[in-house]
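Below: the structure, in structure tokens.
The values are calculated or read from the model by the stated rules, or taken from the named source; none is laboratory data. A quick note: this is a predicted structure, and the numbers were derived from the prediction, not measured. Cβ placement follows ideal geometry from the backbone for every residue including glycine, while neighbour counts extend to all protein chains displayed.
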């Protein structure tokens, strides 16, 4: 073997490795027939692998493929601007009959803070899948023992309480404390909110007592909560969570229910037949044992609604978020 | 000595054929994704998360750890050979590494990177075993003021690498800082020109690949006809005695930079590589060799990035704190097995944790065994005729940029910054200050914003933490020293003039 040829063999190796990595990245293997009951679909996900939408979207496609409800999914992560890029792309895909996208409350607000006109209410609503509660989390030695303590101190001097969350302005961890403040009579503009880049840095800030209160989904903090280094004052949903010993906001005397949710949209302008097909598909998925197992495994609350009901909910959420962000001067 | 026994038991568990196979797959896969700009270990791990449905926890975590370490290593191969860093932590490696490759010393550069990574990874893992539980409770006390001070120190150190012309050096630095401004900060879009595609800023890997690889390819293309081709000499395949002598100290110093920064929640892997580079340049016996392929400039940063990977596991294992994207995905894997992550992990899952730690040693050794013999083989890649080689580099760089999000816009950014790279070569602007500006600018701003937001705008918060005060004292002392030196030389010059 001449050295030139060996170089070529090596090059072939490199190309092979690269293509392996590419296949891995796109996961674009198609399987299954193309008959009407088994369409091949694309699932778009508006954040990076491992993120919340990604976990929900991949769990749903995994269940649908396992139960042989449809053809194999092609999953694409469309990154950028907390989901605004993906939302824009979904609206541009008007009339595409083979696309669905996982999204949630965070995308609703991101569209406003990124000054985009790609409102979620313009897309075709398919289904809301799950809900996640938000929690008010404090460090072990915090003076706040109950929600009442927090509300008292906060009302007395709004600037004295520093709140941190794992999402950028417009995301659920940001919208939640703003709506909470408004409920108890504090101007959202006066709320001191520090945005952290996800749960990790937020936990660090809480453990280091750099902030007074953290607002986030409690699942990322389970270890610290169990071991006592962090405490939960209250959870935001209508009912208590099984695995966390904390009251709801309502039980604590604050008349407010807040949930972070995730669902599935399709592009605008698709045929009624496709819309019905997709809704039925997700209804079938919702009935599988596999999906119920996923809910349990991830600690998600089942919040399944479809079609027009989901559409009305989207519209209401869109308006609510827009109002909050306008008051803050962010929309 | 409980830790030691537990570690030995960990080795026993990790040395099963199945687990060894997973470790092997892990490091190979990690090396492959490390090579490709755009696809990092974090994304690979996230895509592999579904294997947690069917694979034993220990095996899956062993593979994940292999991918993590492999990715840190793989990024350096393309940095050195093709001037195309695959990961942000190997951007600095490209600076001297690629110069070495062009001088026919690619094999040595790859070897010092491989051995340095091994040494640093092993020492780092050892430190992790010894200190993880104690260190972790301390590191969370550092807040935004301390990080701001540390970053300021790093920015201050940039002045050491501005190059011969201060004006050009500062120009490059400020272009870098300006690129770093792009994106949405505290909810306000800035320099995004109304496009959500720019809202997340421009990725440092894209900037580095564009400036280094695209800029160079364009430069070479524009000179190809005018100048005869330099033939890349074929050097020796292995490191010489002299190379060893010049490498071992930078490996150790790089480890000393990398591990603590990795263990700090907001430390990261880029900062220590760049601090290590500057230190080696200051300490080198032949500083003039820097910029032309100094082996110290590869050995130090490569050790630093692997040591920081080990450091990252300190807060992860001891407190359940993910401090990098990759660590966050590893945490997700723990959680999908229903394993409680958090402060109790060492106590509640001793076997799993120590098996993981043992497998880090194994993964590191595997990487060395796999990569060292390959170094001379990879080095031959450079003998491909120049036009084909650069076509390959362009293809590779574009593929990397495109594969992140599958949109043409990213290619446009790559090309525009590539043209900037060409212009910088034409006008003799140094590239390192620009890269450092892109890395440091946004982080400096983020920490300052956080510190001031928490203190409601009270500036005194910036020196409210002991670490911050110490760092400011160091900066102050260095400044005084420089000014004092300057005055003394001026005085000496004056005296000479008077006596003359």
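Of all residues in segment A:318-331, exactly one satisfies the criterion of being buried (at least 20 other Cβ atoms within 10 Å of the Cβ) and under 18 Å from the mean Cα position of the chain (by Cα), namely A:321.
Screening residue A:304 on (1) in contact with a strand residue (DSSP E or B) (Cβ under 6 Å, 6 or more places away or on another chain); (2) surrounded by 18 or more Cβ atoms within 10 Å (Cβ to Cβ) shows it passes everything except condition (1).
Which residue, of A:83, A:95, is at positive phi and in a helix (DSSP H, G or I)?
Values: A:95 fails: in a helix (DSSP H, G or I).
The unique qualifying residue is A:83.
Return the residue satisfying two criteria in turn: it lies in segment A:40-65 and is assigned to a loop (DSSP other than H, G, I, E, B) and under 13 Å from the mean Cα position of the chain (by Cα), and of such residues it is modelled with the lowest pLDDT. Steps first, answer last, please.
Just the residues of segment A:40-65 that are assigned to a loop (DSSP other than H, G, I, E, B), to begin with: A:40, A:46-51.
Still in the running and under 13 Å from the mean Cα position of the chain (by Cα): A:46-51.
Values: A:46: 91, A:47: 84, A:48: 79, A:49: 77, A:50: 74, A:51: 79.
Of everything passing the filter in segment A:40-65, A:50 is modelled with the lowest pLDDT.
Taken over segment B:390-401, the residue count meeting the criterion of being within 25 Å of residue A:75 (Cβ to Cβ) and either in contact with a strand residue (DSSP E or B) (Cβ under 9 Å, 6 or more places away or on another chain) or more than 10 Å from every other protein chain (Cβ to nearest Cβ) (or both) is 2.
Rundown of residues vs (1) out of contact with any helix residue (DSSP H, G or I) (no Cβ under 8 Å at 6 or more places or on another chain); (2) more than 30 Å from residue A:53 (Cβ to Cβ); (3) modelled with pLDDT of 95 or more, yes/no style:
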position: A:140; (1), (2), (3): yes, yes, no
position: A:146; (1), (2), (3): yes, yes, no
position: A:158; (1), (2), (3): no, yes, no
position: A:167; (1), (2), (3): no, no, no
position: A:172; (1), (2), (3): no, no, no
position: A:184; (1), (2), (3): no, yes, no
position: A:190; (1), (2), (3): no, yes, no
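Restricting segment A:199-254 to residues that are in contact (Cβ under 8 Å) with a residue 24 or more places away in the chain, assigned to a loop (DSSP other than H, G, I, E, B) and within 13 Å of chain B (Cβ to nearest Cβ), the residue that is nearest to residue B:146 (Cα to Cα) is A:210.
Whether a residue is part of a strand (DSSP E or B) and either touching a residue at least 12 places away in the same chain (Cβ under 8 Å) or within 10 Å of chain B (Cβ to nearest Cβ) (or both) was assessed, and residue A:291 does not pass this test. Just checking, does segment A:103-119 include any residue being on the phi > 0 side of the Ramachandran plot, away from chain B (no Cβ under 11 Å) and out of contact with any strand residue (DSSP E or B) (no Cβ under 7 Å at 6 or more places or on another chain)? The answer is no; no qualifying residue exists.
For segment B:118-138, which positions are within 14 Å of another protein chain (Cβ to nearest Cβ) and over 14 Å from residue B:310 (Cβ atoms)? The answer is B:133, B:137, B:138.
Out of the helices (runs of 4 or more DSSP H) lying entirely within segment B:323-415, which hold 1 or more residues that are in contact with a helix residue (DSSP H, G or I) (Cβ under 9 Å, 6 or more places away or on another chain) and within 20 Å of residue B:43 (Cα to Cα)?
Output list reads B:325-336, B:350-379, B:386-405.
Test residue B:143 against the criterion of being touching a helix residue (DSSP H, G or I) at 6+ places or on another chain (Cβ under 9 Å), in contact (Cβ under 8 Å) with a residue 40 or more places away in the chain, farther than 30 Å from residue A:112 by Cβ and within 14 Å of chain A (Cβ to nearest Cβ), and give yes or no. So that I can check it myself, show each step before the final result.
Values: touching a helix residue (DSSP H, G or I) at 6+ places or on another chain (Cβ under 9 Å): yes; in contact (Cβ under 8 Å) with a residue 40 or more places away in the chain: yes; farther than 30 Å from residue A:112 by Cβ: yes; within 14 Å of chain A (Cβ to nearest Cβ): yes.
When the stated conditions are applied, residue B:143 passes them.
The listed residues are B:132, B:154, and the only one of them that is in contact (Cβ under 8 Å) with a residue 12 or more places away in the chain and either under 21 Å from the mean Cα position of the chain (by Cα) or part of a loop (DSSP other than H, G, I, E, B) (or both) turns out to be B:154.
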